[in-house]
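The values are calculated or read from the model by the stated rules, or taken from the named source; none is laboratory data. Given the structure is predicted, the values throughout are model-derived calculations rather than measurements. Here Cβ is always computed from backbone atoms with ideal geometry, including for glycine, and neighbour counts include all displayed protein chains. Quick note on the areas: whole protein, heavy atoms, side chains included, nothing else; ligands and nucleic acids left out. Shrake-Rupley method; radii C 1.70, N 1.55, O 1.52, S 1.80 Å.
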Amino acid sequence: QVQLVESGGGLVQAGGSLRLSCAASESGFIYRMGWYRQTPGKQRELVATITSTSSSDYADSVKGRFTISRDNAKNTIYLQMNSLEPEDTAVYYCTSRRFTYSGDDWGQGTQVTVSS
């Protein structure tokens, strides 16, 4: 099981920016890493994912505002969040999938709060 450590959450005003980081404990190949988010009473939803070849996917609600990137040598991903909106307030979870057929591992989550 891959251990994931997230950092970078916090409180920001609407229109501001934050950068989340997630470092995996394992070295070597990891097929895909990404970010999901969850608010109370709602299901966890996709924010963005990125594969080992840097192919990325985004939720429609964050396209053009968020950018996911990856450092394969460090097995670390980043989520640059710009033009933040109060609707982006959530706990953000890092996830990884070691191989295409593997299950998903999850981090503990980091709180992002955007004030209006």
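Points worth noting:
- Against the list (1) in contact with a Leu (Cβ under 7 Å, 6 or more places away or on another chain); (2) touching a residue at least 60 places away in the same chain (Cβ under 8 Å), the condition residue 34 fails is (1).
- Search result, residues across segment 8-32 that are under 18 Å from residue 103 (Cβ atoms) and either open to solvent by 60 Å² or more (accessible area, probe 1.4 Å) or touching a strand residue (DSSP E or B) at 6+ places or on another chain (Cβ under 8 Å) (or both): 22, 24, 25, 26, 29, 30, 31, 32
- Note on segment 33-99: enclosed strands (runs of 3 or more DSSP E) holding 1 or more residues that are open to solvent by 30 Å² or more (accessible area, probe 1.4 Å) and either over 21 Å from residue 23 (Cβ atoms) or of a type in the set (D, E, K, R) (or both) are 45-51, 56-58, 66-71, 90-97.
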